[in-house]
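Participant: Handing you this structure, nothing more for now.
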Amino acid sequence: MKFITLISELRKQVQQYKEEGLSIGLVPTMGYLHEGHTRLIESARQENEIVVVSVFVNPLQFGPGEDYESYPRDSQRDVDVADKHGADIVFMPEVSELYPHPQNITITVDSSMSAVLCGRSRPGHFDGVATVVMKLLQIVQPHSVFFGMKDAQQVAIIQRMIDDFNLPVQLIGCPTVREPDGLAKSSRNVYLDDEERRQATVLIQALQVGHKRLQQSIGTVNELIETVREQIQASSLAEIDYIEVCTYPHLEPILPERQLRDVTTHVLLAVAVKIGKTRLIDNVIHEPTTGNGGDGTLCFVH
C-alpha cells in the first residue's frame, strides 16, 4: 500500500494505474476508520482493481462551535486499517495541501436539499462537503466513489452534484453498518460514556417502530413522526434535533397530513438526536410500492 500526502504524487500514481487499464475506486473519509468505513473499502475492492482511501478532516464542513478541533483522529491506525482491508493508496493531505489559499470558489448546494435534515441546524455544512468531494473527485478522477447510507442526505447531495456537473463517476451508496445492538457505526460514538452508549440505541429502536408504520401504511406522516418522537423521548438523555420524513433522493418534504398509504415514492425517515453532548444521526429508507427498505439497506446506485 502507498501512503501519499501530496496531490501531485497522487495524480501521478493514479495516472500510471489508468495507463495500465486499471479501474479506480475512491472512498472519501474523515478518518478514525471503523467498520462502516472498512465495508466501503471492501465494496470498492470488489468493484475496482485499485482502491484509494482519502483521510481528511475537512474544516469547510464544520461550523462555529462544532467539533473540528476535537474530532477523533488517529492517523497511524487509519493507515493500518485501510491497508488491512484492501486499500492500495491512502491519501492523507494536510489542510494546506487541499486548501493552499482561501477557497474563494466553492460549491453552493441549493436550499431545497441543504436546508432540510442535518442542513437545517448546520448551515453551510453541505457546501463544505460538496466542495471537498468535488476537489477529491477532480484530483483522483475515479471510476466509482463509495459512501455510506447512514449519511443519506450527503449521498443524495453528492449524487445531484455528479449529475449537475456531468461528472464521469458512479456513486455507490452502501448499507449502514451497525453494532450488534443496532447503533449505527460512527466515529463520534467514541464520545459516548457507558450510560450514553446504552441509551443511544433508542435511535434504531424508534426508527424500527417508524419503519413498521411505513410498511403497514398506518396513519399520517405526522402520526408517524409522533410515534418516533415518543420512542426517542423514552430515553432520559435524548434531545431531539429533528425527526423528518421526505422523499428520497430528492429530499422533498412530505406534508404532515398526508396518509402513508398515499405515498408512492421512496421515503426517508431520518433522525438526529443528541445523547449527552454527542449528536448522532440515523435513518431508514422505505419503498412503499414494493414494501422494501430498512435501516439504510437501500443501496442507492446511479
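FYI, it's all coordinate maths here, none of it is from the lab. Note that the coordinates shown come from a computational prediction; the quantities given were computed from them, not determined experimentally. Quick reminder, even Gly has a Cβ in these numbers, built from the backbone with ideal geometry, and neighbours come from all protein chains shown.
Participant: Which order do L251, L6 fall in if you start with the one that has the fewest other Cβ atoms within 10 Å? Please report the intermediate quantities before stating the final value.
Facilitator: Numbers: L251 22, L6 12.
The fewest-first ordering by Cβ neighbours comes to L6, L251.
Participant: Compute the Rg/Rh shape ratio of the chain: radius of gyration over Kirkwood radius, all on alpha-carbon atoms. Let's see the in-between values first.
Facilitator: On the way: Rg = 19.3 Å, Rh = 19.9 Å.
Dividing the radius of gyration by the Kirkwood radius yields 0.97.
Participant: Also, I was wondering about something else. So, in Å, what gap is there between the alpha-carbon centers of segment 4-19 and segment 155-175?
Facilitator: Cα centroid of segment 4-19 versus Cα centroid of segment 155-175: 22 Å apart.
Participant: Okay, next question. For the chain, modelled as a GNM with alpha-carbon contacts under 10 angstrom, which of K135, K84, K274 fluctuates the most?
Facilitator: Result for the chain, Cα springs under 10 Å: K84 fluctuates most.
Participant: Helix-only mean residue ellipticity at 222 nm, the chain, DSSP H runs n ≥ 4 weighted -39,500 (n - 2.57), per residue, nearest 500. What is it?
Facilitator: After summing the helix terms and dividing by residue count, I get -11000 deg cm²/dmol.
Participant: Among A200, A272, A234, determine the one that fluctuates most according to a GNM of the chain built with springs between C-alpha atoms less than 10 Å apart.
Facilitator: Fluctuation is largest for A234.
Participant: Calculate the length of the line joining the C-alpha centroid of segment 76-128 to that of segment 217-286, in whole Å.
Facilitator: First find each Cα centre; the distance between them is then 26 Å.
Participant: Hey, what did segment 149-219 get for relative contact order, percent, Cα under 8 Å, at least 6 apart? List each step's numbers first, then the result.
Facilitator: Details: 29 pairs, mean separation 15.8, N = 71.
It comes to 22 percent, rounded to a whole number.
Participant: Just for the chain, what percent of DSSP beta bridges are antiparallel, to the closest 5? Spell out each step's value before the answer.
Facilitator: Details: 25 of 44 bridges.
Just about 55 percent of them are antiparallel.
Participant: What's the lysine pair count for the chain at a Cα cut-off below 22 Å, pairs eight or more apart or interchain?
Facilitator: For the chain, qualifying lysine pairs total 13.
Participant: Please check: in the Gaussian network model of the chain (C-alpha springs, under 10 Å), which one of K212, K185, K150 has the largest mean-square fluctuation.
Facilitator: K212
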